[in-house]
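What follows is a set of notes on a single structure, which appears directly below.
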Amino acid sequence: MSTAKVGAVLVVGGGIAGIQASLDLAESGYFVYLVESSPAIGGTMAMLDKTFPTNDCSMCILSPKLVECGRHLNIKILTMADVVDVRGEPGNFTVTVRQRPRYVDVEKCKGCGECAEACPIEVPSEFNQGIGERKAIYKPYAQAYPNAYVIDKENCIECGSCEEACQAGAIDHSMAEETLELNVGAIVLCPGFEKFDASQLFYYGYGRFPNVITSLEFERILSASGPFQGHMVRPYDKKEPRRIAWIQCVGSRNFRLDHGYCSSVCCMYAIKEAIVAKEHTKEPLETTIFFMDMRTYGKGFEKYYERAKEQGVRFVRSRIYEITEVEDGSKNLRIRYANEDGSISVEEFDLVVLSVGLEPSPAARELCQRLGLELNRYGFVELGSFTGIATSRPGIFVAGAFCGPKDIPETVMQASAAAGEAATLLAEARGTLVREKEFPPEKDVRGEEPRIGVFVCHCGINIGSVVRVPEVVEMAKNLPHVVYAGEYLYACSQDSQAAMKQIIDEYKINRVVVASCSPRTHRPLFQETIREAGLNKALFEMANIRDQCSWVHMNEPDKATEKAKDLVKMAVAKAALLEPVPQISAGVTKAALVVGGGVSGMTSALSLADLGYQVHLVEKEGELGGVARRIREGLKGEDVPSFLRSLIEKVKAHPKIELHLGTEVKETAGYVGNFVTTLTSGKEIQHGVTVIATGAREYKPSEYLYGESDRVFTQLELEEALAQGDPRVSGAKTAVLIQCVGSREPERPYCSRICCAKSVKLALKLKEQNPQMKVFVLYRDIRTYGFLEDLYLEARRKGVIFIRYTPENKPVVEKADGFIRVTATDHVLGVPVIIEADILGLAAAIVPQETNHQLSQLFKVPLNEDGFFLEAHMKLRPVDFASEGIFLAGLAHGPKNLEENIAQAKAAAGRASTVLSKKVLESHGMVAVVQQDKCAACLTCVRLCAYNAPRIRNYAAYIEPLLCQGCGTCAGECPNKAITLHGYKDHMQMALSGALFKEV
Amino acid sequence: MRLQYSPNIRIVEMPCSGTIDHRVILQAFEDGADGVFVAGCLEGDCHFQRGNLRAKKRVQAVKKLLDEIGLGGERLEMYNLSSAMGPRFAEIANEMTERIRQLGPSPLRKEGGAA
């Protein structure tokens, strides 16, 4: 039957969006074809050195995902492949994919690199942005998946050297192009972006002057795995620069080139590069960022900006005229620019980094044209309003920078949303095409003499440049029970993992120690590897010689090496005592609790209900809708009230959604898959996941006469007054809007993100109602990121006057007879401007709900310093909490516009479905157990446990493993030491600290 | 952040500060540690509800024991900080190192000299 839905999804593009969408879908019961046009997945994120605002090493956080995606049983990766044609209908598409020949058999290639050693041809490396070379046979980057080489036929001279060198017989020059037909139910497009070609702007000198480079080139220069191993030098003469300039908006906010949009990410990445550049040198380094508006609008971004200023990064608000080369042979550069007051300055720099914008690739645009998808005027995919992820063709969804420039967290969020939406479409076909992971039977190692394998990681140069890794390995070889010790460039890469399994077999290893980075990020990965080698996952111990050693003792290589040795000694001593821990699995309650009945909560609830799960939607107020009830028009002019009405109707009519209005959460207990929550109504709910979408509030200003004059409005009030035809507004001749009221202030040091676009929209609305009205916007930076920049341009064209103020010189607002007197200093003329305003609109901050603190304690999930909920990881887990099974969406996470909240709500549902779709969940295993004959039933543990896990059974305590959270407080407290915590038994911990003081 | 701090600290990972037993702390001193500090979540913000408060009690008890045996309770300290407080961790590491330097090597150490 042609209408039967297919339980497989095609994901196009293997960057972080495609990887996340693939993983979410595969974990939710769908088979995934991931089609990537280059020879490896990883995308642009793989090229980045660090990521803002946490300065996490990009590769370190991406690499586990590459491995997970690469080794997933239900993800089929097709590299060097392009989608040619799509036929069929939503639920059942036939996709034609053309796969170019690699000339290397991926199955046979071990990634050893002997072929590249032998290859005589050198060409510029694309991955390194043309800085440095690769061979004609190459692997794009060290951690690439697939971990296999590829022949670049255009440059290959067919000399046969690689074939001779390859011991695996993997090279096959006769490979030809193949055409595949795939049957899928839905398509997720994540082809990413291309960087703007800066040579189009002659006056910046890119391509003419060797020391003018792009931001992506600079990322590669900074990267430990880059062309200069992380030494920050000019590519031209390999000299360390002393003065670096960044130029913002290169190919962005440029309507002459039809790149009128803002690329959204460049302000943050320039700040990051400046901060990281300073860390890369011991000498003083001057860093200057030339910008128009500083757009640090995301979560945690404003603080990052402030921190950069404290660290001496210089910010110059300016317009660049041109860059010329200094004619003294230094190849230094002279930047001529106009300051804000119109004066001209000239400064010399050693290196100029162009913050290039993002644009859609021609190939992706062409694909969209073939698929008949609507594009916007800039060639990005046009999103369906209030969908977050829908294209103009049903069944085809989009995520990432291809539908608008965006940073990694938003890309990941949108990928999860697109995955969730695809899953919803194919709900009835869930689980029909997936296979289950089977591990080899566990070897019984009880009673065996410990045989320990120690794997020490260089982490590129993250560890190896400080800690002398070979010395650590030599020391480890002499430790008791150690039968193998070896060093790895990246222990987490696909090839190292394969080697690890082989070595475990070969040396009959029954305990594994990895000395590398943080167990927080990498323990699960290594544990899965040892499971694949037939070992129980508890037979694993990690020594963190990066975060706890090389990174924090960067300038003391001797002491760091000694410390690394100690950490390995300690881990090995503990490893010798490790015992296998049985896995306990539990069923999953196929129901969700969604807290918050605003747009985000309702969207999450609907997605989950459409996936077929029972949903309990709890709203503390008597009606649904949240703050959106006060919004009249979307940023693209959408009719919000009718959207909201239809959403509320769908929620109310859905048979799988049970509404709990006027209700709050009273108590909650349990764990992922098996939560029990009691509501204030007394009702008890069993659910497998929780979504927190409790929204936020508009700040009630205490400044600018708010509450003292009926001519002063907040944005939401002004919007309401406008819609209602309030005579105060319709009769006004002059309106003033003031930005950053309560935001970017010491007591609220974050940007509220949506107010700039909102004020510009309100200004346009006022102009539309009364074109004669004088409208002024007093701002600090206009942050109309992405395509919202079009609104800003339109407002200026229609005569809205924008005047910048500084926090030191804020506008003065006074009551006058029949009007409000606003005095601001004009940023161009430097003189005070007095405006007699009839109405004043305040862009009041978005502030967290007062109940957040209470919910945070109830659900045991953290808040950030600003009082918004804090996700598990700023970059890669933007809708997850660290506590498994609890997710977040919407304004509760931080300020965002309606469209973004909807995407996040769908993402939370998508992530939640990875839990709900499972038949069983495995317990973490590290639980407390009671030795019953030692227990005196004193009740200490029963009284102590916050999770009610211990109870008395047959005159002794018993701890319910599925309730136990593994904190071990009972083990520490038990007076008779009858309780022990798996993996952290006292004798293990004592052996561990004891090893520190033993000589090898 | 990669804030630099004194390299003579060795971190022992625990699921919760509440896990730590008196004996584990005492054993560390017996083996030769000059000082021990227990780092738990901020009070009221324990990831496991109240494990850090139990840890605090135990640390107090062991401090008393150390005083009684003449080793000195000031060689042991409990600190509270969150995982988002990198700078505070580095500060504590340096603070504790300085305190122990002032006190000198533990008399229980078989050989003298700073770690």
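The values are calculated or read from the model by the stated rules, or taken from the named source; none is laboratory data. Predicted model, so just to flag it, every value in this text is computed and none were measured. A quick note on method: Cβ atoms are made from the backbone with ideal geometry, for glycine too, and the neighbour counts reach across all protein chains shown.
Return the residue satisfying two criteria in turn: it lies in the stretch A:951-976 and is part of a strand (DSSP E or B) and of a type in the set (D, E, K, R), and of such residues it is farthest from A:A669 (Cα to Cα).
Once the filter is applied, the top-ranked residue is A:R953.
Within the set of pairs 6 or more residues apart or between chains, which connect a residue that is acidic (D, E) inside the stretch A:879-899 to a residue that is assigned to a strand (DSSP E or B) with Cβ atoms less than 7 Å apart?
That search, which allows pairs on different chains as well, returns A:D880/A:F887.
Considering the stretch A:846-879 alone, what residues qualify as being surrounded by fewer than 20 Cβ atoms within 10 Å (Cβ to Cβ), closer than 21 Å to A:R911 by Cβ and away from chain B (no Cβ under 14 Å)?
A:R877
With respect to A:I820, is the statement that it is touching a Lys or Arg at 6+ places or on another chain (Cβ under 7 Å), crowded, with 21+ Cβ neighbours inside 10 Å and part of a strand (DSSP E or B) true?
yes
When residues of the stretch A:546-585 are filtered for being acidic (D, E), more than 14 Å from A:L996 (Cα to Cα) and in a helix (DSSP H, G or I), how many remain?
The qualifying residues number 2.
Of the residues A:A882, A:A936, A:A946, only one is more than 14 Å from chain B (Cβ to nearest Cβ), surrounded by fewer than 23 Cβ atoms within 10 Å (Cβ to Cβ) and assigned to a loop (DSSP other than H, G, I, E, B); which?
Of the residues listed, the single one that is more than 14 Å from chain B (Cβ to nearest Cβ), surrounded by fewer than 23 Cβ atoms within 10 Å (Cβ to Cβ) and assigned to a loop (DSSP other than H, G, I, E, B) is A:A936.
Output yes when any residue across the stretch A:241-248 is hydrophobic (A, V, I, L, M, F, W, C), in a helix (DSSP H, G or I) and in contact (Cβ under 8 Å) with a residue 12 or more places away in the chain, and no when none is.
no
Answer yes or no as to whether A:S465 is without any contact (Cβ under 8 Å) to a residue 24 or more places away in the chain and in a loop (DSSP other than H, G, I, E, B).
The answer is no for A:S465.
Quick check on the stretch B:34-53. Is at least one of its residues more than 7 Å from chain A (Cβ to nearest Cβ), in contact (Cβ under 8 Å) with a residue 60 or more places away in the chain, closer than 15 Å to A:G968 by Cβ and not in a loop (DSSP other than H, G, I, E, B)?
no
Scan the stretch A:789-807 and give yes if some residue there is closer than 24 Å to A:V627 by Cα and either touching a residue at least 60 places away in the same chain (Cβ under 8 Å) or over 35 Å from the mean Cα position of the chain (by Cα) (or both), otherwise no.
Yes, that holds for at least one residue.
I'm trying to understand the selection: among the residues of the stretch A:252-278, which are among the small types (G, A, S) and either buried (at least 24 other Cβ atoms within 10 Å of the Cβ) or closer than 19 Å to A:A308 by Cβ (or both)?
Matches in the stretch A:252-278: A:S252, A:S263, A:S264, A:A270, A:A274, A:A277.
Evaluate the following for B:V62: is it facing another protein chain (nearest Cβ under 9 Å), surrounded by 15 or more Cβ atoms within 10 Å (Cβ to Cβ) and not in a loop (DSSP other than H, G, I, E, B)?
Against the criterion (facing another protein chain (nearest Cβ under 9 Å), surrounded by 15 or more Cβ atoms within 10 Å (Cβ to Cβ) and not in a loop (DSSP other than H, G, I, E, B)), B:V62 does not qualify.
Any idea which of A:V35, A:V9 is touching a helix residue (DSSP H, G or I) at 6+ places or on another chain (Cβ under 7 Å) and in the same structural domain as A:G420 (by TED's automatic domain parsing)?
Exactly one residue qualifies, and that residue is A:V9.
Taking into account only those residues within the stretch A:502-535 that are modelled with pLDDT of 95 or more and assigned to a loop (DSSP other than H, G, I, E, B), which is nearest to the other protein chains (Cβ to nearest Cβ)?
In this case the residue turns out to be A:L535.
Could you please find all residues in the stretch B:1-23 being more than 30 Å from A:I275 (Cβ to Cβ) and either at the interface with chain A (Cβ under 7 Å from one of its Cβ atoms) or surrounded by 21 or more Cβ atoms within 10 Å (Cβ to Cβ) (or both)?
B:V12, B:M14, B:P15, B:C16, B:S17, B:G18, B:T19, B:I20, B:D21, B:R23
Applying the selection to the stretch A:90-128, what residues are under 21 Å from A:G185 (Cα atoms) and touching a Pro at 6+ places or on another chain (Cβ under 8 Å)?
Of everything in the stretch A:90-128, just one residue is under 21 Å from A:G185 (Cα atoms) and touching a Pro at 6+ places or on another chain (Cβ under 8 Å), namely A:P90.
When both residues are 6+ apart or on different chains and their Cβ atoms are under 9 Å apart, which pairs have a first residue that lies in the stretch A:548-568 and is more than 13 Å from B:R2 (Cα to Cα) and more than 7 Å from chain B (Cβ to nearest Cβ), and a second that is surrounded by fewer than 21 Cβ atoms within 10 Å (Cβ to Cβ) and charged (D, E, K, R)?
From the stretch A:548-568, the pairs are A:P557/A:R468; A:D558/A:R468; A:T561/A:R468; A:T561/A:E471; A:A564/A:R468; A:A564/A:E471; A:K565/A:E471.
Take the stretch A:727-738 and flag every residue that is surrounded by fewer than 17 Cβ atoms within 10 Å (Cβ to Cβ) and not in a helix (DSSP H, G or I).
A:G731, A:K733 - these are the residues of the stretch A:727-738 that are surrounded by fewer than 17 Cβ atoms within 10 Å (Cβ to Cβ) and not in a helix (DSSP H, G or I).
Where residues in the stretch A:622-670 are crowded, with 20+ Cβ neighbours inside 10 Å and of a type in the set (S, T, Y), which of them is nearest to the chain's Cα centre (by Cα)?
A:T668
Restricting to the stretch A:977-1000, count the residues that are farther than 20 Å from A:Q965 by Cβ, facing another protein chain (nearest Cβ under 7 Å) and not in a loop (DSSP other than H, G, I, E, B).
Total satisfying the criteria: 5.
Let's see how each residue does on (1) within 24 Å of A:R468 (Cα to Cα); (2) among the hydroxyl-bearing types (S, T, Y):
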position	(1), (2)
A:Q497	yes, no
A:I503	yes, no
A:S518	yes, yes
A:L525	no, no
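Given the conditions (1) at pLDDT below 95; (2) surrounded by fewer than 23 Cβ atoms within 10 Å (Cβ to Cβ), and given that A:C459 satisfies all but one, which numbered condition is not satisfied?
Going through the list (1) at pLDDT below 95; (2) surrounded by fewer than 23 Cβ atoms within 10 Å (Cβ to Cβ), A:C459 breaks only (2).
In the stretch A:961-980, what residues are in contact with a Gly (Cβ under 7 Å, 6 or more places away or on another chain), among the small types (G, A, S) and on the phi < 0 side of the Ramachandran plot?
Residue satisfying the conditions is A:G972 alone.
Looking at the stretch A:855-898, which of its residues are at pLDDT below 95 and among the polar types (S, T, N, Q)?
A:S856, A:Q857, A:N864, A:S883
Could you grab the pairs with beta carbons closer than 8 Å, sequence gap of 6+ or different chains, first residue in the stretch A:956-972 and more than 7 Å from chain B (Cβ to nearest Cβ), second one surrounded by 24 or more Cβ atoms within 10 Å (Cβ to Cβ) and assigned to a helix (DSSP H, G or I)?
Correct list of pairs: A:A957/A:C941; A:I959/A:C941; A:I959/A:C970; A:C970/A:C941.
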